[in-house]
Amino acid sequence: MAPRLYYHPASNHARLPRLVARELGISLDETLIDLAKGEHMRPEYLAKNPNHMVPTLEEDGFVLWESNSIARYLAGKKPEHGLYPTDARARADVDRWLDWKLAHLGSATGILAWERFGKPAFMKQEADPRLVAFGEDLLAQFAGVLDRHLAGRQHVAGGRLTLADFSLATAFMYRRVSGVSLASYANIEGWLAAIESRASWKETDPGF
Ligand SMILES: N[C@@H](CCC(=O)N[C@@H](CS)C(=O)NCC(=O)O)C(=O)O
């Protein structure tokens, strides 16, 4: 049976395992959890993911949450693909960027996405200017780090396409609706355009 992925199409975190599965040719049984209807708060979903978040993966009774962990698990099924290298240092390099994405870049883009897009759209509330300014400061810091790292590189880690590219790319998926310009980050723009041209990215496009 195909692994089941509980997801929402607008979730950047849920998009990562969906991208990775498509890249690897792994079929997923994708089950929509409608956040707007509160399906993530239902007891049966909370029993799988007590954080009430998507994504969650379920396979033969094994339940896994956290997008990067799910991506690693899926990539581990097809190591020959190289998305998650087996060499210790190459893997550590990918892990470094996966951690950095959740801890830093994703926080910056997440604050801006929520304040400028999620909050008005779903909560009918205005953005908090202090939080927007905080998000902008974080973004300037961390996008700068990534842009400088990508100078002269096509990929984030190990000179090849890895989980790091896909995970980091998802952090930018709300940029248009959250007023994030990459004009000052030409290296990020070029790298992201290559990810966005992939079939996996197009197939998982939520349409905003
Ligand atoms: N660290 C988690 C974050 C997941 C996350 O923030 N999911 C959001 C959608 S993008 C969610 O489900 N939010 C609903 C909630 O917090 O109640 C991961 O990487 O999987």
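Can you find, within region 1-20, the residue that is farthest from the ligand (Cβ to nearest atom) among those that are over 11 Å from TRP201 (Cα atoms) and aliphatic (A, V, I, L, M)?
The residue in question is MET1.
Within region 86-107, one or more residues are touching a residue at least 60 places away in the same chain (Cβ under 8 Å), touching a strand residue (DSSP E or B) at 6+ places or on another chain (Cβ under 6 Å) and over 21 Å from TYR174 (Cβ atoms).
Restricting attention to region 1-24, which residues are more than 19 Å from SER167 (Cβ to Cβ) and at pLDDT 95 or above? Hits for region 1-24 are ALA2, ARG4. When we screen ASP87, ASP60, ASP93 for residues that are among the acidic types (Asp, Glu) and touching a helix residue (DSSP H, G or I) at 6+ places or on another chain (Cβ under 8 Å), the only hit is ASP93.
The values are calculated or read from the model by the stated rules, or taken from the named source; none is laboratory data. This structure is a prediction, so every number in the text was calculated from the model and none was measured. Because the Cβ atoms are built from the backbone with ideal geometry, glycine has one as well, and the counts that use them run over all protein chains shown.
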